[in-house]
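Engineer: I'd like to ask some things about the structure below.
The values are calculated or read from the model by the stated rules, or taken from the named source; none is laboratory data. Just so you know, these numbers come straight off a predicted model, no measurement behind them. Note: ideal-geometry Cβ built from the backbone for every residue, glycine included; neighbour counts use all protein chains shown. These area figures cover heavy atoms from the full protein model, side chains too; ligands, DNA and RNA do not enter into them. Shrake-Rupley method; radii C 1.70, N 1.55, O 1.52, S 1.80 Å.
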Amino acid sequence: MSSTPESSRLAVIAIGGNSLIADSRAPEVVHQWDAVRETARNIADMVEAGWTVVVTHGNGPQVGFILRRNELAAREVHPTPLDLIVADTQGSIGFMLQQTLNNEFFQRQLDRQCITLVTQVEVAADDPAFANPTKPIGSFLAEAQARAFEQEGWQVVEDAGRGWRRVVASPEPLAIVEERAIRQAVQMGWIVVAVGGGGIPVIRNTKGELRSVYAVIDKDRASSLLAARIDANLLLISTGVEKVALNYGHPNQIWLDELTVAEAERYMAAGHFAPGSMKPKIEACVRFLKQSRQTEATAIITDPSHLGQALQGKTGTRMVRPHP
Ligand code: ADP
Ligand code: MG
């Protein structure tokens, strides 16, 4: 394998759950393959254009399906704990990206290969998020079912009149345990899939051992940390909208082409970006731009079909550092 050319620019691409399950009414694996193939074509275009790429991805719907399978099979088979579920989805989604990307590289005669790294991410045992779990996981439940899960140690909440859901804490990612391996693989020219589902959350116990904690890490936050740590030039967040909007969904909606860190912070404070969907993405971009050691770091938010055009500055929402 040829090594990364000196001039090659490094991008972290965060793939949203919606890029992997295009239609929530047709989530079957055959359709997941179609969606992943489409994503792989877009990523291969970037690699062909000279980018080195680290791919991160969400896993919310996939975790929900596995939890549901656990429930249905509970009388016969032991349930899978959450840390293993995240590891399972890192493996399965990583495998799909790996196979489809490698097929693209082969067909385009690009001397690149993709590998997947099971990734753990350290969080703080005393992160305040543990006292206030907010991240819903799995399917909607009837109250009686929810109470039964509560007996098993889950925390449950009533979700805006739509039913009950299990919730887990979403602590801050502090360090990526496999960071050095990712960095070295990138330097050697590998296209790496990492921090899937935000990474498997771990804490270091008093004996110095890593242990999983019952939580999920926001994949946009983990992607931002990774991008800053490996000195990426670009954080590219691929999601369900071509651009970010002010007054999203309202008649006075305004699509944004470019925004500075200061503007983003101001709009965030004014409540323009929905918590749990667009807000973590804007936060991720802001943090990346603030933490990055790259002088010309850029963050872009767009949807899968506009990745190429967004890279050429023709669409998407581009975020840059304020000019000094
Ligand atoms: P992902 O699976 O990629 O993480 P999410 O559904 O969590 O995607 O978040 C992206 C979604 O956030 C968009 O598809 C859009 O529906 C919604 N959204 C909320 N606020 C905004 C906004 N201000 N501008 C654009 N989209 C927004
Ligand atoms: Mg999301």
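Engineer: Which one of these does N247 not meet: (1) touching a Leu at 6+ places or on another chain (Cβ under 9 Å); (2) touching a residue at least 24 places away in the same chain (Cβ under 8 Å)?
Structural biologist: Tallying (1) touching a Leu at 6+ places or on another chain (Cβ under 9 Å); (2) touching a residue at least 24 places away in the same chain (Cβ under 8 Å), N247 fails exactly one: (1).
Engineer: For the stretch 76-93, enumerate the residues that are under 19 Å from S212 (Cα atoms), modelled with pLDDT of 95 or more, open to solvent by less than 30 Å² (accessible area, probe 1.4 Å) and not polar (S, T, N, Q).
Structural biologist: Within the stretch 76-93, I85, V86, A87 qualify.
Engineer: Checking the condition over 19 Å from I43 (Cβ atoms) and polar (S, T, N, Q), which residue from N103, N132 passes?
Structural biologist: One residue alone meets the criteria, N132.
Engineer: Being among the β-branched types (V, I, T) and closer than 30 Å to Q309 by Cα: is that true of V202 here?
Structural biologist: No; evaluated as a whole, the condition is false for this residue.
Engineer: For a quick check of your reading: which helices (runs of 4 or more DSSP H) sit entirely within the stretch 8-100 and have at least 2 residues that are in contact (Cβ under 8 Å) with a residue 24 or more places away in the chain and closer than 23 Å to Q113 by Cα?
Structural biologist: In the stretch 8-100, the matching helices (runs of 4 or more DSSP H) lie at 17-20, 29-48.
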